[in-house]
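Contents: one structure, followed by commentary.
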Ligand code: 5GP
Ligand code: MN
């Protein structure tokens with residue numbers, strides 16, 4: 001399939017690259033590295049993102065103009081990266097199917113083969129790792145722009161080289177990227193040590209909301225629209241919160257519930273070891289990876305917390 005995607009890239013000229021809402025480092029690093037790769041081949045790529053680039057990824061080199069509205073044009077190919085389901089591209093995603101041949105490049109184990117071409121490698125540390133292999137098959141010269149995007153994607157999707165997807169191949173690619181100009185300390189500083197202070201005011205409120213179940217093996221925190229308002233923050237400031245909750249001794253599953261509408265919450269879940277949060281997410285129409293998954297839940301905060309508690313029942317009794 002890698003070769004097939006390579007051939008498809010060579011045979012076509014215009015590309016629209018997109019990824020999921022609330023884009024993370026792999027989503028953006030994948031989209032942007034593909035953008036630069038296509039540019040280096042003399043192609044005409046554009047990047048469409050429903051959301052704006054979160055502040056912690058503003059340092060990533062990308063196109064001068066990222067599109068935030070689905071353009072009226074058609075393209076030879078629409079490449080969706082790091083996105084397990086097409087609906088996660090955001091509102092208006094149905095339109096994409098009419099705009100060009102849909103290509104899906106992803107590493108989620110709950111990935112749906114929604115493209116006309118699907119390059120899905122569950123064992124890959126990140127989508128950027130799969131793209132790296134596509135670039136290799138095309139014998140592309142690695143530019144500094146491609147390198148920092150690939151490095152950051154792997155660095156962030158492996159939780160700074162801490163999660164189970166921190167494979168030898170992830171390290172090998174990152175090592176190679178340092179030889180193409182990437183400074184790991186700089187990337188780490190941009191990603192982890194560059195937060196506005198308001199983030200920590202919000203974090204205080206979110207930590208204070210913690211409830212635990214099953215003898216402290218599940219910890220749930222929440223963030224409401226009111227909390228965002230009182231700290232002058234938005235959802236991008238919660239990036240990383242649920243990982244802190246998982247750091248608590250004895251916690252095997254951590255859940256952050258974010259209010260996204262009337263009686264509607266987005267759950268971000270993380271687990272340690274054997275606990276499969278993708279299975280829990282799938283029960284509510286979501287998904288992800290074994291140790292990192294998400295879904296949308298409907299109900300009041302109390303109702304949603306009860307749904308979460310029940311969904312983990314089998315894992316913890
Ligand atoms: P996060 O909690 O960072 O938003 O997402 C964690 C992981 O679960 C990511 O790999 C993400 O793509 C996946 N994920 C999050 N929310 C959803 C969802 O609603 N549906 C699906 N299929 N995957 C999700
Ligand atoms: Mn990813």
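See the values below:
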read-out	value
Residue match in segment 35-47 (condition: buried (at least 17 other Cβ atoms within 10 Å of the Cβ) and closer than 23 Å to residue 199 by Cα)	no
Pair list, Cβ < 7 Å and 6+ apart or interchain, from segment 278-304 residues that are more than 22 Å from residue 159 (Cβ to Cβ) and outside the structural domain of residue 126 (by TED's automatic domain parsing) to residues that are assigned to a loop (DSSP other than H, G, I, E, B) and within 16 Å of ligand 2 (Cβ to nearest atom)	296/286
Any chance residue 153 is crowded, with 23+ Cβ neighbours inside 10 Å, part of a helix (DSSP H, G or I), within 15 Å of ligand 1 (Cβ to nearest atom) and under 16 Å from the mean Cα position of the chain (by Cα)	yes
Segment 21-38 residues that are modelled with pLDDT under 95, paired with ones that are surrounded by 24 or more Cβ atoms within 10 Å (Cβ to Cβ) (beta carbon under 6 Å, 6 or more apart)	none
Lone qualifier among 258, 270 - being surrounded by 22 or more Cβ atoms within 10 Å (Cβ to Cβ), over 21 Å from residue 314 (Cβ atoms) and either in contact (Cβ under 8 Å) with a residue 40 or more places away in the chain or within 10 Å of ligand 1 (Cβ to nearest atom) (or both)	258
Some residue of segment 299-310 being away from ligand 2 (no atom under 16 Å from the Cβ), at pLDDT 95 or above and touching a helix residue (DSSP H, G or I) at 6+ places or on another chain (Cβ under 6 Å)	no
Strands (runs of 3 or more DSSP E) contained entirely in segment 1-111, each with at least 1 residues that are out of contact with any strand residue (DSSP E or B) (no Cβ under 7 Å at 6 or more places or on another chain) and more than 21 Å from residue 139 (Cα to Cα)	none
Positions within segment 210-238 being part of a loop (DSSP other than H, G, I, E, B) and buried (at least 18 other Cβ atoms within 10 Å of the Cβ), in sequence order	233
Any hit, segment 259-271, residues being modelled with pLDDT of 95 or more and part of a helix (DSSP H, G or I)	no
Of residues in segment 67-84 being over 16 Å from residue 100 (Cα atoms) and surrounded by 17 or more Cβ atoms within 10 Å (Cβ to Cβ), the one modelled with the lowest pLDDT	84
Residue ID - surrounded by the fewest Cβ atoms within 10 Å (Cβ to Cβ), chosen from residues in segment 124-142 that are more than 13 Å from ligand 2 (Cβ to nearest atom) and assigned to a loop (DSSP other than H, G, I, E, B)	139
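The values are calculated or read from the model by the stated rules, or taken from the named source; none is laboratory data. Note that this is a predicted model, so its numbers are computed, not measured. Cβ sites come from the backbone with ideal geometry, for glycine too, and all protein chains shown count toward neighbours.
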